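The next block holds one structure in the form of structure tokens; read it before the comments.
The values are calculated or read from the model by the stated rules, or taken from the named source; none is laboratory data. Source: prediction; values computed, not measured. Every residue, glycine among them, receives a Cβ derived from its backbone with ideal geometry; neighbour counts consider all protein chains shown. Heads up: the accessible areas ignore ligands, DNA and RNA and are worked out on the full protein's heavy atoms, side chains in. Shrake-Rupley method; radii C 1.70, N 1.55, O 1.52, S 1.80 Å.
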Amino acid sequence: MKLRLPLAGLPLAAGLLLALPLAANALEYRSTARSALLYDAPSTAAGKLAIAGSGLPLEVVVDTDAWVKVRDHSGRLAWIEKSALATTRNLMIKAETSAIRKQPRADAEVVFSAARGVLLEITGPADNYGWLPVKHAGGLAGWLPAHEAWGR
């Protein structure tokens with residue numbers, strides 16, 4: 001028995017398949033404004049899992065009025081009080097070492113290097129070629145290839 005799909009349904013199915021990669025890139029990240037507890041449920045009475053340091057980028061999974069379910073760079077899921085999140089956004093270097101460049105080009109002058117785990121503030125949107133403008137807490141700024149960071 002052969003399964004036949006009506007031709008009228010093909011444009012809709014093709015449109016849905018094309019939309020999937022866009023949805024996968026539409027992740028939201030927030031950073032902690034201060035050191036904060038991570039819980040196993042959305043309540044201060046819940047089990048305490050860890051302490052998230054100040055500026056830590058977290059992927060938003062669920063957003064409620066007072067609590068946010070987040071995923072950290074290791075993949076751990078937890079709940080954090082919404083009031084502990086900042087309006088500024090940071091990322092974490094995931095490459096062994098990343099060169100932060102003066103311009104968004106691989107051949108541009110290196111401003112500074114950042115080791116794995118270093119937090120950098122995102123200062124604007126990524127360009128069309130996947131470079132992010134970033135700033136170190138010490139004031140140095142430049143461009144980082146987005147694929148070398150987590151939390152963008």
Name, by its number, the condition in (1) more than 26 Å from residue 75 (Cβ to Cβ); (2) surrounded by fewer than 20 Cβ atoms within 10 Å (Cβ to Cβ) that does not hold for residue 150. (1)
Could you tell me which residue of region 62-99 is nearest to residue 35 (Cα to Cα), considering only residues that are among the aliphatic types (A, V, I, L, M) and in a loop (DSSP other than H, G, I, E, B)? 86
Does any residue in region 50-61 that is under 12 Å from residue 84 (Cβ atoms) and without any contact (Cβ under 8 Å) to a residue 40 or more places away in the chain come within less than 9 Å, Cβ to Cβ, of a residue that is open to solvent by less than 30 Å² (accessible area, probe 1.4 Å) and in a loop (DSSP other than H, G, I, E, B) six or more places away or on a different chain, and which pairs are these? 52/72; 54/86
First in region 99-126 and touching a residue at least 24 places away in the same chain (Cβ under 8 Å) and polar (S, T, N, Q), second anywhere and open to solvent by 30 Å² or more (accessible area, probe 1.4 Å) and not in a loop (DSSP other than H, G, I, E, B), Cβ under 7 Å, 6 or more apart: 103/143
Index of the failed condition, residue 128 passing every other in (1) within 19 Å of residue 152 (Cα to Cα); (2) assigned to a loop (DSSP other than H, G, I, E, B); (3) open to solvent by less than 50 Å² (accessible area, probe 1.4 Å): (3)
